[in-house]
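Here, each number is a calculation from the coordinates, and none is a lab measurement. Just so it is clear, the structure is predicted and the values come from calculations on it, not from any experiment. Counting neighbours? That spans all protein chains shown, and the Cβs are built from the backbone with ideal geometry, glycine included.
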Amino acid sequence: MLQRYVRILCQARSSSNWNYSQILSVKQNAGIQYLLCFRNTSFFNKLPAEDIWRGVTAVSNAGKKRGRGKGSGKKVAKDLNKGQSLGMGRNSRVWPGLNSPVLRGYELVHSQKMTDSHDKVNGIIKLRDSMSNFRIMKLNPIDRGWSGSKMPGRSIGPPDSVGEEEFSSFDTRVLENKIVFIMKGNMGRKRRYSVLSVTGNGNGLAGFATAKAPEVRTALRKSKNRAGQKLININLCENRTIYHDFYTAFGKTKIYCFQKPDGYGLICHRAIQTICKVIGIKDLYAKIEGSTNVQHIVKAFFIGIMQQRSYKNIANETNLYVVQKQKAKNGYAEVKGMPYLPTTNPYSAAVADYMHFTLGNKIVLKEKKIFPFYFNSKGHQLYQTKEERFRNQAFVRLHDLVNSYF
Amino acid sequence: MSLSPASGIGRFYAKSAKIIRFVRLGCTNRPFYHIVVMERRKNQHQPVIEQVGSYDPLPNDHNERLVALNTERIRFWLGKGAHLSTPAAELLGIAGLLPIHPRTYMTAWRNRRTAAESEAKAETTA
Amino acid sequence: MHLVRQIRQLNGLQGLRHALRQVSTAPTKPATLKYERDPQPLFTDAETQKLLQSMTQLHLDRVFRKRTVPDNSSEIKFMTTEQLELEFQSMVEKAQHMLQMPPVVKIKEDVDRIIAKDPALKDFADTKFVFTDITFGRRQSERKVVVRETDGTLAYASLDTTKRMNQLYFPLDGRQSYTPRMFALEELIAKCLTEHKYEYVMDRLLVQYEPHEPEFHNISARVFEHLNESKQFDLLRSTRHFGPMAFFYAWHRCIDDLLYDMIRRDYLQNAVELIALSYKIHNVPVEYQETLAKLDALHPTPAQSALTELRSGMRQPEGQQGIEQEIHSAIGKTEKDFTADEISLQFIEQYIASEHALKKVQLELAVQTLKEVNQEKLQLFQGLKKAHGIQAS
């Protein structure tokens with residue numbers, strides 16, 4: 001019954017010019033034959049609809065154990081029975097004995113047309129569409145973190161206000177979100193979520209904190225609020241970068257940070273990028289050597305920016321003038337720091353290199369560039385020689401297009 | 001990988017015959033020549049001793065054919081006894097660096113003759 | 001495939017474009033003022049150069065202002081006092097170099113210089129040949145370009161062809177091988193001028209044209225004329241174009257607006273120099289050398305004042321000198337300045353009274369206002385000095 005009904009409905013839907021009454025007449029004429037063709041002992045009529053559907057859509061016990069069938073985006077089979085009742089079709093008619101009593105009072109009810117209800121069909125179609133279109137909650141690209149819908153890199157808003165203190169201009173970003181276990185005497189392996197987040201107002205005030213909780217949401221909130229309580233004031237150079245290049249380390253993580261000109265951007269590890277955005281640093285280059293453990297990176301970076309010295313302090317430490325020459329100003333020398341007692345020893349300036357001084361005599365490891373395996377092969381050399389004649393072609397063509405007067 | 005530079009990377013023997021000649025570069029239907037010094041016996045597409053100029057045989061927007069000559073080096077190599085290929089000698093003659101090559105006169109005379117003939121033909125038919 | 005078709009289309013349009021370019025290279029609206037005789041000897045004269053340099057002034061923050069460059073990185077260095085002093089001096093030298101004025105010369109005429117004529121060569125080819133000497137290490141001006149015409153004449157190329165060949169084989173950075181639209185289309189250059197982009201126009205002009213070319217003369221004259229109307233002279237101060245501009249006004253007897261601007265901004269020495277320059281150009285029998293010598297003795301040169309300004313940022317001297325400097329910074333003038341002002345005002349008034357000044361009323365008013373302000377300042381200066389217990393010398 002069910003299958004037949006579905007087939008007819010589908011046909012009717014797929015071809016709009018199908019004459020509906022024709023189908024009905026065919027059905028009526030071949031009624032007896034039809035019934036004879038079918039065995040009545042199918043699982044269709046032995047089991048209730050719910051059980052059949054479960055058989056189609058559910059996951060086996062073994063599968064459940066392995067964690068199958070929990071995905072949010074899994075395909076859900078459509079229940080075509082939903083929203084329909086027996087005897088109520090597109091051609092709404094009164095079928096005595098099917099959808100209405102045979103006798104009403106003393107009167108025999110005849111098969112007759114009911115008031116047309118076009119909306120009903122539409123309603124069913126709509127219901128089915130809503131069933132199939134299971135949507136994953138889509139994140140705005142701006143709200144996305146470092147990777148997909150994972151928490152690290154995502155913003156979780158400002159910390160909750162403490163009393164009258166409000167963190168209105170603050171923004172908190174998650175840096176790490178992981179599961180940690182500990183062994184308990186009576187509970188065994190106890191699972192908790194650990195969240196490391198950094199909060200800041202984008203103008204030199206920032207803090208970071210780790211928090212653990214059995215629930216992700218609680219851990220996020222805890223770490224956010226704890227970060228808000230641990231704010232550190234950081235001075236920014238020209239409101240956009242660090243005061244000088246520096247070297248900083250925590251554990252096996254070593255970071256070399258470099259002051260960069262306006263418009264350079266943040267060229268560094270994504271964790272440092274996120275921290276810089278929250279602090280308000282806009283131009284920075286950083287190179288990490290050793291471990292890239294996020295907790296250690298955060299700690300090392302915060303130690304580094306807190307230990308910065310002003311130009312004046314550097315000048316007083318070395319008894320030398322600190323002079324900046326900008327290429328954008330054609331090498332105009334600006335005195336940034338003046339010492340109280342300028343040294344008269346001409347060799348001290350020649351010996352003291354500013355970058356060596358600020359980096360603490362450390363040098364970034366320059367890794368050897370590895371060429372691809374084919375680089376020295378004869379074929380590749382031939383290819384490069386052949387390509388050489390077209391080296392400027394694209395540029396010339398573009399220049400021609402740009403400078404044409406049309 | 002770069003092409004061989006204009007200063008040349010071609011190896012040569014001290015007493016071998018050198019020649020100032022054209023090297024055809026450019027592509028199909030668009031000739032462009034380098035004027036180079038190279039060993040006489042070598043193929044034109046081998047590394048040259050030195051590039052001493054260039055010649056673009058297709059006229060430009062202003063209806064000119066452009067020739068660049070490094071006169072200092074050309075005179076140096078000629079003084080060393082370098083040979084000249086006929087087209088190169090013709091070009092240097094037109095430039096006024098050498099006496100005009102007889103072939104240039106020949107071409108000029110032939111061109112004038114064909115022009116006169118075609119004019120005469122046009123007159124008779126008209 | 002699509003690209004190929006597009007390129008073919010473009011090639012087809014080349015001829016049309018060429019035609020259009022020929023049309024667009026037609027000169028823009030000509031300027032009204034022209035140099036009728038050769039201004040070069042007067043311009044390159046040492047005295048004139050000194051006057052023009054002094055008028056240009058040297059503000060380092062203006063010369064070394066922030067520009068857009070591909071690499072805007074900066075370098076930080078440690079320096080001792082001596083090194084810093086040397087650095088300052090080299091900076092001033094560099095600034096002076098950057099302020100070097102483009103020469104004002106007359107328009108160079110094209111002359112036919114035939115090397116050889118060979119009638120036997122007639123019709124040797126259907127187009128002419130252009131030969132360029134690309135010998136290394138020659139200057140652009142001494143590079144030889146010769147043309148063999150189809151009739152067999154060998155001659156030196158015209159100035160236009162020579163420039164084109166130089167640009168082709170030895171391109172100058174920023175110079176284009178065709179007329180930039182800015183100089184070709186009247187509405188574009190007019191737009192630049194109404195937006196007061198004088199320095200930009202002049203810089204680009206200097207890159208694109210040689211000072212002896214008619215386009216250079218025409219467009220620079222137009223810029224200066226427009227400046228004289230808009231009176232935004234300060235936009236060119238401390239740039240390399242201020243000298244030629246002042247020279248242009250002095251030559252064409254229209255210095256009054258510039259003079260008014262100088263008086264209003266209290267650049268009295270510059271005003272005197274401008275008047276002197278105009279006297280010098282037009283051989284007016286007025287003794288200006290004496291006044292100039294007096295002023296020179298009282299005023300430091302632009303380079304010196306730039307150096308002192310740089311040094312002042314380094315260290316504050318102590319004691320009585322410190323107080324004097326404080327008074328100076330509060331009022332903006334020293335005793336020497338007041339004497340210099342008196343001398344220059346006398347000279348300027350003399351000029352205004354003469355028949356050379358055209359906008360007499362305006363200039364007189366400006367001088368009067370300045371005098372009053374100066375009087376007030378002088379009183380304040382003396383009062384302050386008395387209060388600090390410094391005797392007037």
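Here are some notes:
- Placing pseudo-labels 7 Å out from each Cα toward the beta carbon at A:Lys64 and C:His196 gives an inter-label distance of 8.1 nm.
- Cα centroid separation - the stretch A:246-271 against the stretch C:321-375, whole Å: 56
- Cross-linked pairs C:Lys29/C:Lys94; A:Lys64/A:Lys190; C:Lys108/C:Lys231: Cα-Cα separations exceed 25 Å for C:Lys29/C:Lys94; C:Lys108/C:Lys231.
- Dipole of chain C computed with +1 at Lys/Arg Cβ and -1 at Asp/Glu Cβ about the Cα centre; of C:Phe233, C:Met262, C:Gln208, farthest Cα towards the positive end is C:Gln208.
- The residue list A:Ser92, B:Met38, A:Leu103 was ranked by how far each Cα lies along the charge dipole of the protein assembly as shown toward its positive end, using unit charges on Cβ atoms, and A:Leu103 comes out on top.
- Between A:Asn345 and C:Met98, the modelled labels are 3.5 nm apart [label points 7 Å from Cα along Cα→Cβ].
- Net charge of neighbours whose Cβ lies under 11 Å from the Cβ of B:Arg21, counting Lys and Arg as +1 and Asp and Glu as -1: +3
- Separation between Cα centres of the stretch C:121-143 and the stretch C:278-317, rounded to whole Å: 50
- Measuring r between the beta carbons of A:Asp51 and A:Asn376 and using R0 = 51 Å, the FRET efficiency lands at 0.15.
- A crude spin-label estimate for the pair C:Asp45 and C:Glu342, with each label 7 Å from Cα along the Cβ direction, gives 3.1 nm.
- The mean number of Cβ atoms from other chains found within 10 Å of a Cβ in peptide C:193-204 is 0, as a whole number.
- Peptides B:36-44, C:144-152, A:141-149, C:367-375 ordered by average Cβ neighbours within 10 Å, highest first: C:144-152, B:36-44, C:367-375, A:141-149
- Counting Cβ atoms of other protein chains within 10 Å of each Cβ in C:81-94 and taking the mean gives 3.
- Using the Cβ-Cβ distance between B:Thr114 and C:Ser354 with R0 set to 60 Å, the FRET efficiency works out to roughly 0.20.
- Cross-link table C:Lys66/C:Lys197; A:Lys222/A:Lys299; A:Lys287/A:Lys362; A:Lys277/A:Lys368; A:Lys260/A:Lys362; A:Lys178/A:Lys282, entries beyond 21 Å C-alpha to C-alpha: A:Lys277/A:Lys368; A:Lys178/A:Lys282
- Gyration tensor (alpha-carbon) shape descriptor, the protein assembly as shown, a/c threshold 1.5: oblate
- Cut-off 14 Å between beta-carbons: net charge of the residues surrounding B:Phe32, Lys and Arg +1, Asp and Glu -1: +3
- Neighbouring Cβ atoms from other chains, within 10 Å of the Cβ of residues in C:132-138, number 6 on average.
- Other residues lying with their Cβ under 9 Å from the Cβ of C:Ser54 contribute a combined charge of -1, Lys and Arg counting +1, Asp and Glu -1.
- Between the residues C:Leu168, A:Ile232, B:Asn63, the greatest Cα displacement towards the positive end of the dipole of the protein assembly as shown, with unit charges on the Cβ of Lys, Arg, Asp and Glu, is found for A:Ile232.
- Listed peptides A:165-177, B:103-115 by packing density, highest first (mean Cβ within 10 Å): A:165-177, B:103-115
- The protein assembly as shown, dipole about Cα centre (Lys/Arg Cβ +1, Asp/Glu Cβ -1), debye to the nearest 20: 8900
- Taking max minus min of the alpha-carbon positions on each principal axis, the stretch A:142-233 gives extents of 46, 33, 19 Å, largest first.
- Candidates C:Leu51, C:Leu99, C:Leu298, ranked by Gaussian network fluctuation over chain C, Cα under 10 Å, top entry: C:Leu298
- Take every pair of alpha-carbon atoms less than 8 Å apart whose residues are at least six positions apart; their mean separation over the length of chain B yields a relative contact order of 20 percent.
- Rounded to whole Å, the principal axis extents of the Cα atoms in the stretch C:114-157 read 36, 18, 12, largest first.
- Amide N of the stretch B:86-126 lying under 11 Å from the label point, which is placed 7 angstrom from the Cα of C:Ala120 along Cα→Cβ: B:100-106, B:109
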